[in-house]
Amino acid sequence: MFDAVPRAPALHAFQPVVEFDADLIARLSRNGPRYTSYPTADRFTESFGYRDFLHAVADLRTRGAGKPLSLYLHIPFCDTVCYYCACNKIVTKNRAKAATYLAYLKREVEMQGRLFAGMNDIEQLHFGGGTPTYLSDAQMKDLMTHLRRCFHFAPDAVGEYSIEIDPRTVSIGRVHSLRRQGFNRISLGVQDFDPDVQEAVNRIQPEAETRAIIQAARDAGFRSVSIDLIYGLPKQTVATMRATLDKVVAASPDRIAVYHYAHMPHLFKPQRRINEADMPDSDTKLRMLQLCIERLTAAGYVYIGMDHFAKPGDDLAVAQMQGRLHRNFQGYSTHADTDLVSCGVSAISAVGATYSQNVKTLDAYYDALDRNELPVARGIRLSMDDLLRRSVIQKLMCQFELSIAAIEQAFPIAFHTYFERELAQLAELERDGLIEVDPDWITVTLKGRLLIRNACMVFDRYLAQRTGATHSKTV
Ligand code: SF4
């Protein structure tokens, strides 16, 4: 949308897509947001509520928005707790809780379906958690049928319908069933194949089981299989990481996410159960990251950015090459600029120039729906400055480059004047070799890509007001 000045795209297939510079990373990596939204969720306030969300939808209707929507469903339950977890989840073995939740979730879906009537085409669906497959096969079938009653879904060949699964909770038959229910992308939490690491984080998941689930996903006809890994976990070493990577590459998923474990026990209670003496030191973590990048790029994966790798033919890599890549609460996405409607406890929607988040407890969620109100607890209406900075951050995150002329065409500003302070800060990053700035373009260098958050943070107007303690290290 912003490619006003013609320029040959960075052809990732013909050059290394990222360069690892240990000194630079050790020196410059600092706490920072992951920018799945801008402003980040800590800027949401309770002065934004249910009625503001209704206004945002009404604005959309007035503008005659004809774009398809993205839909997110949050299933918060987990059977057991993984010690590294920083998600919003409810750990319980009482399945009756899921039945009650499902009944209320269906009410919220129905209300949203009515609210968006006439503009409720869906091209993207994502189930996250918690553990979406905590719902039984019958419950999931019921929910998918209900979703189809309330929204209009694009055909399977067009839509991107994904679900996060915990391989410990699904059988081969269940994977086939999920495909029949309409899912065409699947994402598996693996984290690490090493049994000692799995024990140290309370997530025992035999390798053979995981591989059988990946095979079942292929047999069932899922268009894309994605695997999540984490580096920096207790008991992990460069050797265990190498063994895990070999197994992952052999399994040949279409996408791989390699997340840095952010140890913040003051914020996330389960992390207090991690034995800090077992954790790898910073130097080992850096070597693990280097290994991940070298091993995955050698195996032919493209570095998409922010922890994500994909096969060159995968939609994410193709979208990046074509300048269509987008970033939202689920990470990178090929469906640029769709409004996101999210249902479930703590779920975040992005409609028009607003973000809104649902209440975080089950009781508050049920109470709001009993009052026939959507359970919006807080949010934010974006100012022109927010929208501008969001565009800049999106472009840097997704394309590693920014056309200044394109931003000036889209927003009523003179870039060099408006961002005078930011350009001065970028000059420091340029001296460090992270970016290149010329009068028309800001380009992230190959060795700056792993530190992409540093460049984005320069454009974050709110960052100076934060302590930094609520965000993880950039690498
Ligand atoms: S990591 Fe996932 S499966 Fe584990 S406790 Fe957290 S949400 Fe549940």
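The values are calculated or read from the model by the stated rules, or taken from the named source; none is laboratory data. Being a predicted model, the structure only gives us computed values, none of them experimental. Cβ atoms come from the backbone with ideal geometry, glycine included; neighbour counts cover every protein chain shown.
Do the conditions hold for Gly323, that is, is it over 20 Å from the mean Cα position of the chain (by Cα) and under 23 Å from Glu19 (Cα atoms)? Outline the logic, then answer.
Numbers: over 20 Å from the mean Cα position of the chain (by Cα): no; under 23 Å from Glu19 (Cα atoms): yes.
Criteria not met by Gly323.
Take the residues in the range 189-218 that are within 13 Å of Asp166 (Cα to Cα) and among the basic types (Lys, Arg), then tell me which one is nearest to the ligand (Cβ to nearest atom).
The extreme case among them is Arg203.
Which of the residues that make up the range 64-105 are free of Cβ contacts under 8 Å to residues at least 24 places away in the same chain and more than 15 Å from the ligand (Cβ to nearest atom)?
Matches in the range 64-105: Gly64, Asn94, Ala96, Ala103.
Identify all residues within the range 133-148 that are within 16 Å of the ligand (Cβ to nearest atom) and among the aliphatic types (A, V, I, L, M); write none if there are none.
Passing the criteria: only Leu135.
Take the range 34-51 and flag every residue that is modelled with pLDDT of 90 or more and closer than 27 Å to Tyr332 by Cα.
Once the filter is applied, which keeps residues that are modelled with pLDDT of 90 or more and closer than 27 Å to Tyr332 by Cα, the range 34-51 yields Tyr35, Ser37, Tyr38, Pro39, Thr40, Ala41, Asp42, Arg43, Phe44, Thr45, Phe48.
Could you list all residues from the range 231-243 that are outside any loop (DSSP other than H, G, I, E, B) and crowded, with 23+ Cβ neighbours inside 10 Å?
Correct list: Tyr231, Met241.
Which of (1) closer than 15 Å to Ile25 by Cβ; (2) outside any strand (DSSP E or B) is the odd one out, the single condition Val318 does not satisfy?
So the condition that Val318 fails would be (1).
Which fully enclosed helices (runs of 4 or more DSSP H) of the range 369-475 have 1 or more residues being among the hydroxyl-bearing types (Ser, Thr, Tyr)?
By residue number, 384-399, 415-418.
When only residues in the range 116-132 that are touching an Asp or Glu at 6+ places or on another chain (Cβ under 8 Å) and either among the polar types (S, T, N, Q) or on the phi > 0 side of the Ramachandran plot (or both) count, which is farthest from the ligand (Cβ to nearest atom)?
That would be Gln124.
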